[in-house]
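Report on one structure; see the data block that follows.
The values are calculated or read from the model by the stated rules, or taken from the named source; none is laboratory data. These numbers were taken from a predicted model, which means no experiment stands behind them. Positions of Cβ are generated from backbone atoms using ideal geometry, with glycine treated the same way; all protein chains shown enter the neighbour counts. Only protein heavy atoms, including side chains, enter the accessible area calculation; ligands, DNA and RNA are left aside. Shrake-Rupley method; radii C 1.70, N 1.55, O 1.52, S 1.80 Å.
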Amino acid sequence: TVSTACSSAANAIMIGDRLIRHGILDCVVAGGADALSAFTLNGFKSLRILDDKRCRPFDQTRAGLNLGEGAGYIVLQREDLLDKVPYCFLKGYANRNDAHHQTASSEEGNGAFLAMSDALSKAGISPYQVDYVNVHGTGTGNNDLSEGKALKRLFGDKIPYFSSTKGYTGHALAAAGGIEAVYSALAIKYGQVWPNIHFSEPVSELQLVPQTSLLEGADVACVVSNSFGFGGNCSSIVFAKD
């Protein structure tokens, strides 16, 4: 897949779905893996977006991201070949690019807004049917403000539960979309919403408060998973219970 690292796993999932829908494959294992290296660490350090403390997504005091490493994959299968109840269904997705800057997202959140809204349109799902958004939430000043503005544009004053799980994993770059797709599937399967850890104060321009404690026993029927990359490359995936 041709995309920036942060959205590559999400785009791999989209491509896998198209291969199945066009009858090319019956089953696809899709996701991504990433390992830390001095090259990656120094590259992000040169951008001055690393935080030497624990990252604080969507917090007023956020000062940058923590790099992580890992892998996350999901198994996609043709619905008529299923031999057991799936964790959830892949309902829609979209990749959009606001082409604002080489590394920064637009201040208005144009790419994020288009990716989320187009993914929901493809899924045939209203924004008000979304129960949880696994936000990209890197903990950088630009990303969280841009993504927060996109959330407000799309959902208005009825923003669903949202949180960044990068406080647990760090930003695993090419693996991020795969790891967070797994989080999204588990949220639907087990009715859980993961807390946005290390949060204490909402961003002044947004006044948005993410989920800060583990929510269990919730009816999570629809999840949007966001993966945004350099150059305004924005991908959103919609998972649903049925």
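Structure above, values below:
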{"quantity": "Charge dipole (region 134-181, unit charges on Cβ, about Cα centre) - positive-most of T138, G156, Y168", "calculated": "G156"}
{"quantity": "Region 79-157: relative contact order in percent, alpha carbon pairs under 8 Å with at least 6 residues between", "calculated": "34"}
{"quantity": "Rounded accessible area per residue of the chain, 1.4 Å, Å²", "calculated": "45"}
{"quantity": "Of (i) 1.22; (ii) 0.94; (iii) 0.98, the label for Cα Rg over 2.2 N^0.38 Å derived from the coordinates", "calculated": "(ii)"}
{"quantity": "Calculated FRET value between S213 and L47, using beta carbons and R₀ = 41 Å, to 0.05", "calculated": "0.80"}
{"quantity": "Lys, Arg +1 and Asp, Glu -1 on Cβ, resulting dipole of the chain about Cα centre, debye, nearest 20", "calculated": "180"}
{"quantity": "Segment S121-F230, extension gain: residue separation times 0.36 nm, minus the distance between their alpha carbons", "calculated": "36.8 nm"}
{"quantity": "Degrees between helix 110-123 axis and first principal axis of the chain (Cα, 0 to 90, nearest 10)", "calculated": "20"}
{"quantity": "Over 21 Å (Cα to Cα) - which of K45/K166; K152/K241; K45/K152; K166/K241; K91/K241; K158/K189 fall in this group", "calculated": "K152/K241; K45/K152; K166/K241; K158/K189"}
{"quantity": "GNM result for the chain, Cα springs below 10 Å: residue of L82, L25, L151 fluctuating most strongly", "calculated": "L82"}
{"quantity": "For the chain, built as a Gaussian network whose Cα springs stay under 10 Å, the top-fluctuating residue of H171, H22, H198", "calculated": "H22"}
{"quantity": "Inter-site label distance for Y190 and K152 at 7 Å from Cα along Cβ, in nm", "calculated": "3.4"}
{"quantity": "R0 of 25 Å, Cβ-Cβ distance Y168-Q60: FRET efficiency to nearest 0.05", "calculated": "0.75"}
{"quantity": "Portion, in percent, of the accessible area of the chain that falls on carbon or sulfur, probe 1.4 Å", "calculated": "52"}
{"quantity": "Accessible-area ranking of V85, V203, V182, largest first, probe 1.4 Å", "calculated": "V85, V182, V203"}
{"quantity": "Computed magnitude of the charge dipole of region 117-213 (debye, nearest 20; Cβ of K, R +1, Cβ of D, E -1)", "calculated": "200"}
{"quantity": "Nitroxide proxy distance, nm - points 7 Å out along Cα→Cβ at H22 and E107", "calculated": "4.1"}
{"quantity": "Most fluctuating residue given options A175, A63, A38, as computed from a GNM of the chain linking Cα atoms under 10 Å", "calculated": "A38"}
{"quantity": "Computed magnitude of the charge dipole of region 41-100 (debye, nearest 20; Cβ of K, R +1, Cβ of D, E -1)", "calculated": "280"}
